[in-house]
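Below is one structure, written out as structure tokens, with a few remarks after it.
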Amino acid sequence: MVFRGLPVSRGIALGGVFVYAPFKAKVGEQYIGAEEKAEHNSRFNEALKKAGMELRELQKKMAGEDPDKAGIFEAHEDILTDVALIDEILNLINDESYAGDFAIETVYEKYVKIFADMDDDILKERRADFRDVKDRILRIWTGAEQKNLSELDSPMIIFAHDLLPSDTATLNRKNVLALVTEIGGNTSHSAIIARSYEIPALLGIAGVMASARPGMEAVVDALDGDLVLEPSGEEKARYKQKQADYQRSVEETRKFRSVEPVMADGTPIGVYLNIGSVGDGELEAQAYTGGVGLFRSEFLFMQGKDLPGENQQFQVYKKAVEAYGARQVILRTLDIGGDKTIESMDLPEEDNPFLGCRALRLCFQRTDVFKTQLRAALRASAFGNLALMFPMVGSLEDIHKAKYYLEECRRELKSEGIPFNKDMNVGVMIEIPALAVMAELVAREVDFASIGTNDLCQYLMAVDRLNPSVAAYYQSYHPAMFRLIHQVSRAFEKAGKALSICGEMGGDPLAVMAFIGMGIGKFSMAASNVAAVKRIITRLTMDKARELAGKLQRMTTAPQIEDFLKTEMDKLLA
Ligand code: PEP
Ligand code: MG
């Protein structure tokens, strides 16, 4: 069986299928007769015992890897063994004739509601833990298998309808050969994580979950976009060969990873890194990059059921700046919303989340969360070269408002005698077209800006960046993209302010050639793109780059631009 998908993270994988379908309990109102009560009592007790075993197992497993996660499961065990709660469930079964699963659902949901109504934000968030424990007991009740990405203990190909950023953020990358999903696009966060972990990924294969079965073998060709389920011996041999060829070409390019990003005529270019955490893998890349051009701080908020506190955030940001010494680390404030939700905040459902209360807009509603992050960032600024960047800025009022909260935090820290860098650079992401159009006004207000091409393309082309059925309209090489970015570059050059590109186009060697010709000299990208971008930089001269940018201005369609840049790159690399 062969399927076609969108290859969003390059590579080839062969291996066993792991079907990831998180358990969702469906419990209806149901009552039982007197003769069934004994059975429901013992089934409930059995489920409690099994759930306890699972939780202790998880604690043991996590204790060595991540003590914070072990703590979560310990707290879950406390909830599970709460005597009052167990009594309430048994009373409903024995006195009110509730079916066991209906009794579990009723009692747990009662506590979820009690916590949800609390004023204290920390206590409020405990409701997620009650839901989690409830789902565990109900899953065992129904006899369904335990599934969790962090529990994969051998390398497999993961199949899922969709992967939430919180799923991908907690997965153990050593055991993931490839990702296959039914939805998602090139700039969805599962794609971004897959690229930064260098895991081959094919997204947007509608209906694939109906065909994928545990125990099957699969081949993921995330170079050409093919998925083969139950490959024949001949197919396996062919793909193994293709995998080996690809691996060789990756090794060849990788030689460029550590070279200085200097053009053939001696012009230096900045090659920076996009990171989502400060794990060893991410920080390893500091050896061959000039700094961090985009630290997506939201991943830190997705890993637990509680919001990270000021101290916890401070430690993470401090670790990043210390790893980079004098080199700059640009921390982007929380960008939640769109395809990124977090369990630790109760966000309203929206019909159009990408056009909704996302990122800075959400921070303006939850100024407590925003200010906690700003305080943590300011404190970390005392330990290195930290810069702060606001996402989803659409107007000058947004900039003024964000700066107002930052100033408030500066005043607070000053009065508390806590040190921070009072000259910390402050910038914005240019990803809403309105801001790009008035770039010269923006340049006056900020120390720097970075163009987020992922969202800029989504909003400029009016295409949902996650919807595979309109992926063909998501044209990053659209002439309007290059024209607009050129315009922004001119405005920032005139104002003498720094400008970089940190969306996926910033790691695309084809686009980078054109952007250099437009006067942009700093690019931030996933670690996996560094070698290829450096390679093209070392082959290019400024004269050639300007010539390309000039020719490109006269082109009229995305395919024309892409073909042109490909031909030019092939010539340079020949
Ligand atoms: C972008 O929009 O280009 C960007 C870098 O931000 P994100 O992909 O995290 O939305
Ligand atoms: Mg963005």
Please verify whether region 337-360 includes one or more residues that are surrounded by fewer than 18 Cβ atoms within 10 Å (Cβ to Cβ), farther than 26 Å from residue 532 by Cβ and β-branched (Val, Ile, Thr). yes
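Residue-wise test of (1) away from ligand 1 (no atom under 16 Å from the Cβ); (2) among the hydrophobic types (A, V, I, L, M, F, W, C); (3) assigned to a helix (DSSP H, G or I).
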| position | (1), (2), (3) |
| --- | --- |
| 440 | yes, no, yes |
| 450 | no, no, no |
| 455 | no, no, yes |
| 459 | no, no, yes |
| 465 | no, no, no |
| 470 | yes, yes, yes |
| 475 | no, no, no |
| 481 | no, yes, yes |
For residue 494: the one exception among (1) of a type in the set (D, E, K, R); (2) away from ligand 2 (no atom under 16 Å from the Cβ); (3) over 22 Å from residue 542 (Cβ atoms); (4) in a helix (DSSP H, G or I): (3)
Restricting to region 439-461, name every residue that is away from ligand 2 (no atom under 16 Å from the Cβ) and without any contact (Cβ under 8 Å) to a residue 24 or more places away in the chain. none
Could we say that residue 381 is crowded, with 18+ Cβ neighbours inside 10 Å, polar (S, T, N, Q) and assigned to a helix (DSSP H, G or I) here? yes
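Residue-wise test of (1) assigned by TED's automatic domain parsing to the domain that holds residue 388; (2) small (Gly, Ala, Ser); (3) modelled with pLDDT of 95 or more.
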{"residue": "468", "(1), (2), (3)": "yes, no, no"}
{"residue": "475", "(1), (2), (3)": "yes, no, yes"}
{"residue": "479", "(1), (2), (3)": "yes, no, yes"}
{"residue": "483", "(1), (2), (3)": "yes, no, yes"}
{"residue": "498", "(1), (2), (3)": "yes, yes, yes"}
{"residue": "501", "(1), (2), (3)": "yes, no, yes"}
{"residue": "523", "(1), (2), (3)": "yes, no, yes"}
{"residue": "529", "(1), (2), (3)": "yes, no, no"}
{"residue": "532", "(1), (2), (3)": "yes, yes, no"}
If you check 333, 372, which single one turns out to be surrounded by 17 or more Cβ atoms within 10 Å (Cβ to Cβ), within 16 Å of ligand 1 (Cβ to nearest atom) and in contact (Cβ under 8 Å) with a residue 24 or more places away in the chain? 333
I'd like to check which strands (runs of 3 or more DSSP E) are fully inside region 176-269 and have at least 2 residues that are assigned by TED's automatic domain parsing to the domain that holds residue 18, in contact (Cβ under 8 Å) with a residue 40 or more places away in the chain and more than 16 Å from ligand 1 (Cβ to nearest atom). 176-181, 217-221, 226-229
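Residue 344 - would you say it is within 16 Å of ligand 1 (Cβ to nearest atom) and hydroxyl-bearing (Ser, Thr, Tyr)?
Details: within 16 Å of ligand 1 (Cβ to nearest atom): no; hydroxyl-bearing (Ser, Thr, Tyr): yes.
So residue 344 fails the test.
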Does residue 427 qualify as being assigned to a helix (DSSP H, G or I) and surrounded by 23 or more Cβ atoms within 10 Å (Cβ to Cβ)? no
Criterion violated by residue 526 - all others in (1) free of Cβ contacts under 8 Å to residues at least 12 places away in the same chain; (2) buried (at least 22 other Cβ atoms within 10 Å of the Cβ) satisfied: (1)
Say whether the condition of being more than 25 Å from the chain's Cα centre (by Cα) and either closer than 19 Å to residue 130 by Cβ or of a type in the set (Lys, Arg) (or both) is met by at least one residue in region 1-24. no
Matching residues in region 376-435 - criterion: being within 15 Å of ligand 1 (Cβ to nearest atom) and without any contact (Cβ under 8 Å) to a residue 40 or more places away in the chain: 428
Taking residue 420, is it modelled with pLDDT of 95 or more, in contact with a Lys or Arg (Cβ under 7 Å, 6 or more places away or on another chain), within 27 Å of residue 187 (Cβ to Cβ) and buried (at least 17 other Cβ atoms within 10 Å of the Cβ)? no
Run residue 49 past the list (1) part of a helix (DSSP H, G or I); (2) within 30 Å of residue 525 (Cα to Cα) and report the number of the one that doesn't hold. (2)
Go through (1) at pLDDT below 95; (2) within 26 Å of residue 379 (Cα to Cα) one by one and return the number of the condition residue 348 breaks. (2)
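Go through the residues of region 18-26 one by one and say whether even a single one is assigned to a loop (DSSP other than H, G, I, E, B) and basic (Lys, Arg).
To start, the set of residues in region 18-26 that are assigned to a loop (DSSP other than H, G, I, E, B) comprises 21-26.
The next check asks that each one be basic (Lys, Arg); those that pass are 24, 26.
The answer is yes; a qualifying residue exists.
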Looking only at region 6-34, which residues are charged (D, E, K, R) and in contact with a Phe, Trp or Tyr (Cβ under 9 Å, 6 or more places away or on another chain)? 10, 29
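For residues that are out of contact with any Cys (no Cβ under 9 Å at 6 or more places or on another chain) and under 17 Å from residue 390 (Cα atoms), tally how many sit in region 336-354. Working first, answer last.
In the first step, residues of region 336-354 are kept if they are out of contact with any Cys (no Cβ under 9 Å at 6 or more places or on another chain); the result is 338-346, 349, 351-354.
Subset that is under 17 Å from residue 390 (Cα atoms): 338, 340, 354.
Result for region 336-354: 3.
Evaluate the following for residue 408: is it over 22 Å from residue 486 (Cα atoms), at pLDDT 95 or above and surrounded by fewer than 20 Cβ atoms within 10 Å (Cβ to Cβ)?
Details: over 22 Å from residue 486 (Cα atoms): yes; at pLDDT 95 or above: yes; surrounded by fewer than 20 Cβ atoms within 10 Å (Cβ to Cβ): yes.
Answer is yes for this residue.
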Contacts under 9 angstrom Cβ, first residue in region 44-61 being in the same structural domain as residue 94 (by TED's automatic domain parsing), partner hydroxyl-bearing (Ser, Thr, Tyr), 6 or more apart: 48/81; 52/81; 58/150; 61/150
Checking the conditions here, which among 290, 325, 309 is more than 16 Å from ligand 1 (Cβ to nearest atom) and either crowded, with 20+ Cβ neighbours inside 10 Å or outside the structural domain of residue 269 (by TED's automatic domain parsing) (or both)? 290
Selected residue (only one of 519, 550 is farther than 26 Å from residue 250 by Cβ, in a helix (DSSP H, G or I) and not aliphatic (A, V, I, L, M)): 550
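From the set of residues in region 16-39 that are among the β-branched types (Val, Ile, Thr) and farther than 30 Å from residue 232 by Cα, which is surrounded by the fewest Cβ atoms within 10 Å (Cβ to Cβ)?
Step one: list which residues in region 16-39 are among the β-branched types (Val, Ile, Thr), which gives 17, 19, 27, 32.
From what's left, farther than 30 Å from residue 232 by Cα: 27, 32.
On the way: 27: 18, 32: 16.
Filtering region 16-39 for residues that are among the β-branched types (Val, Ile, Thr) and farther than 30 Å from residue 232 by Cα, the one surrounded by the fewest Cβ atoms within 10 Å (Cβ to Cβ) comes out as 32.
The values are calculated or read from the model by the stated rules, or taken from the named source; none is laboratory data. Source: prediction; values computed, not measured. Cβ: placed from backbone, ideal geometry, glycine included. Neighbour counts: every protein chain shown.
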